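The values are calculated or read from the model by the stated rules, or taken from the named source; none is laboratory data. Because the structure is a prediction, the values reported are computed rather than measured. Using ideal geometry, Cβ is built from the backbone for each residue, glycine included, and neighbour counts are taken over all protein chains shown.
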Amino acid sequence: MIPRFWRIPKKTKKWAVSPRPGPHKKFESIPLQVIVRDILSIAETGKEAKTIIKKGEILVDGKPRKDSAYPVGLFDVISTPTSNQFYRIVPSASGFTVISISSDEANVKICKVVNKAVVKKNKLQLNLNDGKNILVDDGKYSTGDSLLIEVPSLKINGHLKLAKGSLGIILKGKNSGKSAEVKEILPGKFRQPSRIICEIEGKDAEVLKDNFIVVGKEKPLVAVS
């Protein structure tokens, strides 16, 4: 039942750790133990991986995560201070993959605004795809936009509007992991969800707005492949 992008050999291992409830959905994330042992090969066994994680030697978005079942998902940044290595979870054809990034990008990530609400003192709360919430005074942010945020401080370093000409990545479906340019945004009607007409590899395609994330204008603000 495990997703292919976990990279666990299905015929050699009987059990796998299940992601705990957290910022990402169960099958849209990778347990930290699987990343440490099976993807990054920092440890040879699950026991070794748990020991490394419990010592606080693995950081996710700048914070030590000591739970081996912690769910790591879209654009999360993984850091190993002892070896000075940095990685990011990015979309791929099979779901997600882990890429190596430079130390300059280790303290920033792109997040999608999935919802917003007015809270106390007339502040606007932006709810992001990774479970984080940010309070802002400006009403310029819209659902579907992306933010370049600093982690773990959550300082907003950039704002990417979901608009014609925006560059993004497809998160699900047959084009998962591919870059796309927005051509037109189609609003939802009745039970029909909002969709985006975008150009993928020179051809126009229609994707759900929920399955698209803006990553830049002419080029991505951070490494995504």
*asked:* Step by step: first the residues of the stretch 189-225, then only those that are farther than 28 Å from Asn157 by Cα, assigned to a strand (DSSP E or B) and among the acidic types (Asp, Glu), then the one that is farthest from the chain's Cα centre (by Cα). Which residue is that?
replied: Asp204
_Filtered residue count, the stretch 12-25, keeping only those that are under 18 Å from Lys66 (Cα atoms) and exposed (fewer than 14 other Cβ atoms within 10 Å of the Cβ)_ = 2
*asked:* Could you go through the stretch 71-92 and let me know if any residue there is within 23 Å of Leu32 (Cβ to Cβ), touching a Lys or Arg at 6+ places or on another chain (Cβ under 6 Å), outside the structural domain of Glu199 (by TED's automatic domain parsing) and not small (Gly, Ala, Ser).
replied: yes
_Residue list for the stretch 33-59, restricted to those being surrounded by fewer than 22 Cβ atoms within 10 Å (Cβ to Cβ) and hydrophobic (A, V, I, L, M, F, W, C)_ = Ile39, Leu40, Ile42, Ala43, Ile52, Leu59
*asked:* Quick check on this structure: which one of Ser146, Ser176 is modelled with pLDDT under 95 and within 18 Å of Ala223 (Cα to Cα)?
replied: Ser176
*Out of curiosity, is Pro152 over 15 Å from Val214 (Cα atoms), in contact (Cβ under 8 Å) with a residue 60 or more places away in the chain and surrounded by fewer than 19 Cβ atoms within 10 Å (Cβ to Cβ)?*
yes
*Check Val90 against each of (1) part of a strand (DSSP E or B); (2) closer than 17 Å to Lys132 by Cα; (3) touching a Phe, Trp or Tyr at 6+ places or on another chain (Cβ under 9 Å) and name the one condition it does not meet.*
(2)
*Among the candidates Lys161, Lys112, Lys140, single out the residue that is loosely packed, with under 15 Cβ neighbours inside 10 Å and either over 28 Å from Ser41 (Cβ atoms) or among the acidic types (Asp, Glu) (or both).*
Lys140
*Counting only residues that are out of contact with any Cys (no Cβ under 7 Å at 6 or more places or on another chain) and among the small types (Gly, Ala, Ser), which one in the stretch 188-225 is surrounded by the fewest Cβ atoms within 10 Å (Cβ to Cβ)?*
Gly202
*Limited to the stretch 126-137, what total is found for residues that are buried (at least 16 other Cβ atoms within 10 Å of the Cβ) and either more than 15 Å from the chain's Cα centre (by Cα) or farther than 26 Å from Gly62 by Cα (or both)?*
2
*Can Pro9 be described as surrounded by 20 or more Cβ atoms within 10 Å (Cβ to Cβ), over 22 Å from Ile213 (Cβ atoms) and touching a helix residue (DSSP H, G or I) at 6+ places or on another chain (Cβ under 9 Å)?*
no
_Subset tally (residues that are under 24 Å from Lys217 (Cβ atoms), free of Cβ contacts under 8 Å to residues at least 60 places away in the same chain and touching a strand residue (DSSP E or B) at 6+ places or on another chain (Cβ under 6 Å)) for the stretch 128-138_ = 3
*Pick out the one residue from Ala49, Ala43, Ala16 that is assigned to a helix (DSSP H, G or I), aliphatic (A, V, I, L, M) and free of Cβ contacts under 8 Å to residues at least 24 places away in the same chain.*
Ala49
